[in-house]
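Structure, as structure tokens:
The values are calculated or read from the model by the stated rules, or taken from the named source; none is laboratory data. Please read all numbers here as calculations on a predicted model, not as lab measurements. Cβ sites come from the backbone with ideal geometry, for glycine too, and all protein chains shown count toward neighbours. These area figures cover heavy atoms from the full protein model, side chains too; ligands, DNA and RNA do not enter into them. Shrake-Rupley method; radii C 1.70, N 1.55, O 1.52, S 1.80 Å.
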Amino acid sequence: MRHRIAVVGSGPAGLTFARVLHRHGYPVAVLERDPSPDARPPGGALDLQEGLGQLALDKAGLLADFEALSRPEGQAMRILDVDGTVLREWRPRPDDRANPEIDRRQLRDLLLGPLDVQWGRGVTQVVPGTRDGVLVDFADGRQETFDLVVGADGAWSRIRPAVSSVTPHYTGVTSVETSLDDVDTRHPDLARLIGDGSVAVYGVNRSLVAQRNSGGHVKVYTKFRAPLDWHTHLDLADVEAVRSGLLALFDGWADPVLDLLRHGTAFVHRPFYVLPVSHTWTHVVGVTLLGDAAHLMPPLGAGANLAMLEGAELAESIATGPGDLDEAVRAFEEQMWARAGRWAKITTAGLERLVSPNPAEALAVFDQVQPS
């Protein structure tokens with residue numbers, strides 16, 4: 001008899017899990033609180049790594065479709081000094097498929113495919129160990145039971161409390177992001193500055209990165225060290241007030257770099273939270289976690305990749321394993337914890353160096369990853 005399985009969250013982790021199960025003919029309920037796929041902006045582009053995100057897509061039978069959509073040229077990277085001097089520049093070879101970029105919206109639509117997501121089904125909590133399995137409470141008052149509930153619902157997971165009392169903590173680094181549209185036509189100088197991929201500038205305890213997405217859309221990310229309440233006297237809903245505050249924070253940087261902020265259309269405040277580097281839990285029958293719900297770490301390119309691979313691996317172990325659902329989940333958790341712990345250490349150290357009192361530390365990180 002097939003197990004009753006639900007995954008909470010329709011991000012990369014949850015959709016990859018569901019898509020791999022679907023490929024194996026295994027039913028799964030995808031529960032998502034958003035009322036529709038386009039209820040929220042999807043965010044910026046992702047670089048999917050060969051041994052992580054791309055491997056997950058291969059397990060889902062979607063690698064060729066990904067290759068048709070992705071942008072290998074998006075791997076290009078340029079680093080500037082705060083005065084605009086080019087310090088490093090790296091351009092990928094035409095056949096380089098190590099970390100091609102893809103827009104989150106494109107990736108989401110690729111993973112959705114034939115899946116039947118239950119939109120507008122917010123989960124408030126899960127209760128394991130009931131007579132009929134794991135009880136899921138929904139925001140509308142309804143309840144359902146499943147043999148396995150997989151929490152893929154992000155940093156502030158409603159599923160995590162069923163297995164762990166740990167909550168995310170602030171890293172001391174905040175990001176404020178903005179975006180530019182139709183950059184090649186409206187801002188050709190900035191388009192040339194960004195190139196095919198990204199441009200980054202590192203200063204004392206702050207940085208600015210602009211990343212090209214498809215269709216002439218550009219995401220701009222500022223990062224800086226500040227108390228969590230740094231914006232107490234600033235109305236974050238006032239676009240011009242936020243713009244002025246950021247321009248003051250980056251005062252003295254080259255005009256072309258500041259133009260990325262001057263032309264931003266809106267600003268979104270995103271303080272960086274993380275879970276402990278080696279976050280694990282005592283196994284609970286019928287409940288497990290994926291991605292940020294399990295191991296929230298600094299957003300330095302590993303999170304979505306890990307989440308997708310975890311979703312694919314858990315789905316494969318359920319669909320092709322010997323049949324003991326709990327045994328498959330236990331083995332998966334041990335494997336996930338070991339790998340995620342290694343990446344959490346890498347990304348935590350990376351954030352310390354990328355937003356550092358010594359900008360040379362950021363340059364050294366880049367040289368280690370992409371030698372010039």
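Just a few scattered comments:
- The range 227-372: translational diffusion in µm²/s, Stokes-Einstein, Kirkwood Rh over Cα pairs, 10 °C, 1.306 mPa s: 85
- A dipole drawn for the chain from +1 and -1 charges on Cβ atoms has a positive end, and of LEU325, HIS295, LEU48 the residue lying farthest that way is LEU325.
- Looking at the chain alone, DSSP beta bridges between its own residues are antiparallel in about 75 percent of cases.
- Residue-averaged 222 nm ellipticity for the chain, from DSSP H runs of 4+ at -39500 (n - 2.57), nearest 500: -10500 deg cm²/dmol
- Centroid-to-centroid separation of the range 204-248 and the range 141-203 [C-alpha atoms, Å]: 14
- Ordering of 59-70, 246-257 by packing [mean C-beta count within 10 Å, highest first]: 59-70, 246-257
- Percent accessible area from carbon and sulfur atoms, the range 1-137, protein chains only, probe 1.4 Å: 48
- Gyration tensor (alpha-carbon) shape descriptor, the range 12-97, a/c threshold 1.5: oblate
- Of all lysines in the structure, the ones whose alpha carbon falls short of 21 Å from that of LYS345, not counting any fewer than 8 places away in one chain, are LYS223.
- Three-way shape label, the range 192-241, alpha-carbon gyration tensor, a/c 1.5: oblate
- Applying 1/(1 + (r/R0)^6) with r as the Cβ-Cβ distance of THR85 and GLU334 and R0 = 56 angstrom yields a FRET efficiency of 0.70.
- The residues of the range 212-317 expose, per residue, 39 Å² of accessible area to a 1.4 Å probe.
- Residues HIS217 and LEU115, FRET efficiency given R0 of 30 Å [Cβ-Cβ distance, rounded to 0.05]: 0.70
- Potential lengthening between ASP367 and ARG131 on full extension [0.36 nm per residue; Cα-Cα distance subtracted]: 79.4 nm
- Overall, the chain carries a charge dipole of about 360 debye about its Cα centre when +1 sits on the Cβ of Lys and Arg and -1 on the Cβ of Asp and Glu, all other atoms neutral.
- Positive-pole candidate from PRO72, PRO27, GLY84, dipole of the range 23-99, charges at beta carbon: PRO27
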